[in-house]
Amino acid sequence: MTARTNDRLAVALLLLLPTLFFGDVLLGFGNFYMRDLTRYYYPTKQIYREVVQGGEFPFWNRYFHAGQPIAANPEHEIFYPLTWLILLPSYDLGYRLHILVHIYLGLLGMYALLRSMDLGSRAAFFGAFSFGLGGLYLSYVNLLPILFCVAWLPLTCLFVRRFLIEPRVRTFALASLFLGIQFIVAEPTTVMQTGFLIGMYALYRGWHSGSDERGTMNDEQGQSGSSLIVPRSSLLSRIGAMARNVAWIAAISVCGFAVGAAQMLPAIDHVADSARSRPFDFDLVKAWSLPWAKLPELFFPNILGHIAVDRVMWYWAGGLYGGMGSPFLFSIYCGLAMTALAVGGAFTRPRGGRLLLILVAFSLLIALGGHTPLLKLLYDAGIATSIRYPEKFLLIAVFALIVFASQMLQRILDGDDAVRDAAAGFALATTVVAIAIGALSFTPIYKTAFIRIWGLTAGAGADKMVALTRIDWSVAGMRGVFLVALLMTVRTQRRALWTLAAFGFLCADLLPVVHELNPRMPPHFFKQPPPIRAMLNPGFPDYRVFHEADWYGTEEVARKYFSTGDAVYWVVRNGLLPMTPAGHRVRTVMERDYDKTALLPTIDFTESVWDVKRKGRAEWWKPFMAMSNAWYRSEYRPFEDEKKRAGGDFKKALPIRFEEGKHHPRYYFADQLVEIRDRQQFVERLVAGVYSDAVAFIAEASFVPAGGRVIGVVERANSAIIDVESFGRGFLVMSVTPHKYWRVTVDGQPVRSIVTNIGYQGVVVPSGRHRVVMRYRNDMVVIGGIISASAFLLLMALAIFWRRRTA
């Protein structure tokens, strides 16, 4: 077959495989639900959809924390074009598509990158398969900003590489555009890792520019690297080439940033106003550090446990993650073949091996986080105070490993027996280990050692885990035997038959991992509201819910509910646990800041709530519910009572009950103003004193406010019109989170909004009838949008219309 025919076949298979495997999701018979998908992304994107369909720009989110920015928060990806799929007539279809399309992007983008490196279609196909359907990439399915950003990484690398090899305006424009898409998504750690990869490659190409004008991300077919001892003139030439390449990378990065300015500028601005401006506790920073024990997962995919077996997690290594109970990256397994090829190839000392070593070493050093002294040193120096998940940084190592391994596969196909033998030797070593441990797993000592090593409690759960490991080691042994056989028969005359066998091996190796990482729920899990929604007042715009129970995840009753096997996510759904209420048009307040992006007044208000509780005030929640327009407060139902009511089927359980209290208004006139210096005095006064529900605490001179009444309120996504009557000089409290982009007018005249009750705002209203108008508009979004549109149009014009002049 011709090269073009092979490419067509490879691309067709790369399109067919995810279509077959995720066909149930594509057709709507199931949906992804793991981790943040249920709790955060499915409901939050409904907010964006609701705002846009209401004819407004999504500047502000009224559903969380009494209001928060939405456009400025990259978690919502509102500027990312593929997010707009959720605006399709069927939200559920759009939501499923906007995830699935990135699986196709990852596969096809990686294939294009590998083919551009002069790899044959088979080597490129196997590399793309291992990347797009490997454990690392599919672990991102429940971490959407990372998935969306990583999906474009291969294409960014492709055009950066092309430009560095042969500089052209059109290629520069395309490299900038694809990097710009990553900036639009604005997942910071992925953007940083992309920059590190292309920057290191620029240095690599500059160093080798004098000896070889062809190169790949890691290696071109050459053997050992050039000597590091070079003549002075050559050394200066190489340094100059490296500097020139880095300058080009800087230029591409600037243009990419300009494309992504619509998201980047407001996001950077938002950092200073949000929880991200304050250092995270070091225990949080290191909690999801990559354990050393996870590295063998590159060749033994289940050595630390299973993410989902019949929708139940059996992860015996949860103790390695500082109380989190599970890894941030569900899996880093990209196939035994890729790991064997990379390790085996490294032993043959190919050119590019040093670059691979540097990339892997840097990636591991950051990803290991708290397991090395480096993270603490960076934290103490104020550099790493905002890193929540060090494990994220493993992307560099795995991406480089797959590219390098694909290169080694091509060398084997071209007749390099040294690489083949080294890879087969590594695969054989893992096979021997797997067979030996598998045999040991049937002895009594294995169970005792297993329980002791992982700190488990003897019982049915531990027995189940031991049984799973017996299967895992048996499968690992068979996997290794087949791979060794494939490597040793690569010279067969029946090349098509060998390719088919290798394809079958890859499918058998990776597809079970795909299934485990991304189990599905039936359609009604998301589409149908849980019965508990009917227990709340249907007038959803008028009140908020204080979901207090969500704060008590470590309490005994919560641990029982979240130890109900395959019903755990039904407990989340049926309990309307944050942030799921937004999907059913229920607004919450005083909830946990799951993505650590809440505005500082919100953080201060929430901390004040728990300070007052800890200081022992009776009915501590009442003043905060009055300030926050909260009508309902949640608590867990007694576990045994609910178990009996549900007949033991916790998929039907209602774990939460809502206690209805006073119907506190969102906008009201204060009957007393209390002057406070700071948050601490706010807490002290609430602990020591008794105040009415209409009290207002302000950090400036107080006065005796006149009474008043709110005649009517009209709220939209980014505004509120409040008609009031004040019986003198009054003070109108607005339980909406203050932010610098709110503009408040009284009868059309601008007035100063005053921070009220730490987490809200208020204005002084003169006597008489007035119209108070609040409008929210983030100026940085507007400025960034103009820059993005201009940069995008210019680069697109260059990419489409620029043609290199010929002599």
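Suppose only helical runs count, i.e. DSSP H with n ≥ 4. What mean residue ellipticity at 222 nm does that imply for the chain under -39500 (n - 2.57) per run, divided by all residues and rounded to the nearest 500 deg cm²/dmol?
-16000 deg cm²/dmol
Relative contact order of region 63-155: what whole-number percent is it, with Cα pairs under 8 angstrom and at least 6 residues apart?
Worked out over region 63-155, it gives 27 percent.
In nm, to one decimal, how far is the modelled label at ALA797 from the one at GLN680, with both set 7 Å along Cα→Cβ?
5.9
Tell me the Rg and the Dmax, in Å, that the Cα atoms of region 14-164 produce.
Using the Cα atoms of region 14-164, the pair Rg, Dmax is 17.1, 56 Å.
What are the equivalent ellipsoid semi-axes of region 568-684, built from the alpha-carbon gyration tensor (square roots of five times its eigenvalues), in whole angstrom, biggest first?
Details: eigenvalues 196, 50, 43 Å².
Semi-axis lengths for region 568-684 are 31, 16, 15 Å.
How many nm separate the modelled label positions at GLN53 and ILE165, each set 7 Å beyond the Cα in the direction of the Cβ?
With each label placed 7 Å out from Cα toward Cβ, I get 4.7 nm.
Using only the Cα atoms of region 1-63, each taken as one equal point scatterer with no solvent, compute I(q) by the Debye sum, divide by I(0), and report log10 of the ratio at q = 0.14, 0.24 Å⁻¹.
-0.68, -0.97
Between HIS663 and ALA3, with labels modelled 7 Å along Cα→Cβ, what's the label distance in nm to one decimal, could you check?
In this crude label model, HIS663 to ALA3 measures out at 7.4 nm.
Roughly how big is region 648-759's charge dipole about its Cα centre, with Cβ charges of +1 (Lys, Arg) and -1 (Asp, Glu), in debye to the nearest 20?
That gives a dipole near 360 debye.
Which one of PHE21, PHE792, THR580 is farthest out on the positive end of the charge dipole of the chain, using unit charges on Cβ (Lys, Arg +1; Asp, Glu -1) and the Cα centre as origin?
PHE792
Expressed as an acute angle from 0 to 90° and rounded to the nearest 10, what is the orientation of the C-alpha long axis of helix 460-488 relative to the principal long axis of the chain?
With rounding to tens, the tilt is 30 degrees.
Work the Kirkwood hydrodynamic radius out for region 114-204: mean of 1/r over every pair of different alpha-carbon atoms, inverted, in Å. Intermediate values should be presented prior to the final figure.
Details: mean 1/r = 0.0721 Å⁻¹.
After inverting the pairwise mean of 1/r, the radius is 13.9 Å.
If you average the alpha carbon positions of region 421-439 and of region 482-558, how far apart do those two centres end up, in angstrom?
29
Can you give the FRET efficiency for ARG559 and ALA701, using 1/(1 + (r/R0)^6), R0 = 51 Å, r = Cβ-Cβ distance, to the nearest 0.05?
0.55
With charges only on Cβ, +1 for K and R and -1 for D and E, what is the dipole size of the chain about its Cα centre, in debye, rounded to 20? The partial results should precede the final answer.
Details: 82 positive and 62 negative charges, 259 e Å.
Computed about the Cα centre, the dipole is about 1240 debye.
Please report the carbon-and-sulfur percent of the accessible area for the chain; probe 1.4 Å, protein heavy atoms only, DNA, RNA and ligands left out.
Carbon and sulfur together cover 63 percent of it.
Could you run the Debye sum over the Cα atoms of region 726-790, one equal point scatterer each and no solvent, and tell me log10 of I(q)/I(0) at q = 0.27, 0.29 Å⁻¹, two decimals?
Summing over Cα pairs of region 726-790 leads to -1.15, -1.24.
Send over a whole-number figure in Å² for the accessible area per residue of region 706-798, probe 1.4 Å.
44
In sequence order, what are the phi-derived ³J(HN,Hα) couplings for region 688-700 according to the Karplus relation 6.51 cos²θ - 1.76 cosθ + 1.60 with θ = phi - 60°, rounded to whole Hz, with x for glycine and proline?
Values per residue, Gly and Pro as x: 8, x, 10, 10, 6, 5, 9, 6, 9, 9, 9, 8, 7 Hz.
Long-range amide H contacts for ALA308: which residues qualify at under 5 Å (H placed 1.01 Å from N, peptide plane, sequence gap of 5 or more or a different chain)?
TRP314
Want the number for THR385 to TYR552: 0.36 nm per residue separation, take away the alpha-carbon distance, what's left?
Working: separation 167, 0.36 × 167 = 60.12 nm, distance 2.63 nm.
Contour length minus Cα-Cα distance gives 57.5 nm.
I need the semi-axes of the equivalent ellipsoid of region 402-514: take the C-alpha gyration tensor, multiply each eigenvalue by 5, square-root it, list largest first in whole angstrom.
Each semi-axis is the square root of five times an eigenvalue, giving 35, 14, 12 Å.
Please work out the FRET efficiency for the pair GLU607 and ARG349, using the Cβ-Cβ distance as r and a Förster radius of 56 Å; give the result to the nearest 0.05.
E between GLU607 and ARG349, to the nearest 0.05, is 0.50.
Using all Cα-Cα distances in region 329-379, what percent lands in each 5 angstrom bin from 0 up to the longest?
4, 17, 18, 22, 18, 12, 8, 1
Dividing the alpha-carbon radius of gyration of region 94-153 by 2.2 N^0.38 Å (N being the number of residues), what value is obtained?
The value comes to 1.12.
Return the sequence-ordered ³J(HN,Hα) values of region 503-513 in whole Hz as given by the Karplus equation 6.51 cos²θ - 1.76 cosθ + 1.60 applied to θ = phi - 60°, using x for Gly and Pro.
Values per residue, Gly and Pro as x: 5, x, 4, 4, 5, 5, 6, 9, 5, x, 5 Hz.
How large are Rg and Dmax for region 489-614 when only the alpha carbon atoms are used, in Å?
Computed over the Cα atoms of region 489-614, radius of gyration and Dmax are 23.5, 78 Å.
Only loop residues by DSSP count here, and only those with at most 11 other Cβ atoms within 10 Å; note down the chymotrypsin sites (Phe, Trp or Tyr not before Pro) in region 12-110 that meet that.
Those that pass, being in a loop and sparsely packed, are PHE29.
Give the share of C-alpha pairs in each 5 angstrom bin for region 290-441, from 0 to the last occupied bin, in whole percents, shortest bins first.
Taking every Cα pair in region 290-441, the percentages come to 2, 9, 15, 18, 18, 15, 12, 7, 4, 1, 0.
Quick one: if you take sqrt(5λ) for each eigenvalue of the C-alpha gyration tensor of region 656-769, what semi-axes come out, biggest first, whole angstrom?
For region 656-769, the semi-axes come out at 22, 18, 15 Å.
Over region 28-78, what portion of Cα pair distances is larger than 17 Å, expressed as a whole percent?
37
Which residue, chosen from PHE639, THR602, TRP620, occupies the Cα position most advanced towards the positive end of the dipole of region 582-651, where the dipole is computed from +1 (Lys, Arg) and -1 (Asp, Glu) charges on Cβ about the Cα centre?
It is PHE639.
Would you mind checking LYS615/LYS662; LYS286/LYS392; LYS286/LYS560; LYS464/LYS651; LYS464/LYS652 for any pair whose Cα atoms are more than 18 angstrom apart?
In this structure, LYS615/LYS662; LYS286/LYS560; LYS464/LYS651; LYS464/LYS652 exceed 18 Å between Cα atoms.
Would you kindly derive the ³J(HN,Hα) couplings of region 99-115 from the backbone phi angles with the Karplus curve 6.51 cos²θ - 1.76 cosθ + 1.60 (θ = phi - 60°), listing them in order in whole Hz, with x for Gly and Pro?
8, 4, 4, 6, 5, 5, 4, x, 5, 6, x, 5, 4, 4, 4, 5, 5
The values are calculated or read from the model by the stated rules, or taken from the named source; none is laboratory data. What you see is a predicted model; the values in this text were computed from it and never measured. Glycine gets a Cβ as well: all are built from the backbone with ideal geometry, and neighbour counts include every protein chain shown. Note: areas computed on protein heavy atoms with side chains; ligands, DNA, RNA excluded. Shrake-Rupley method; radii C 1.70, N 1.55, O 1.52, S 1.80 Å.
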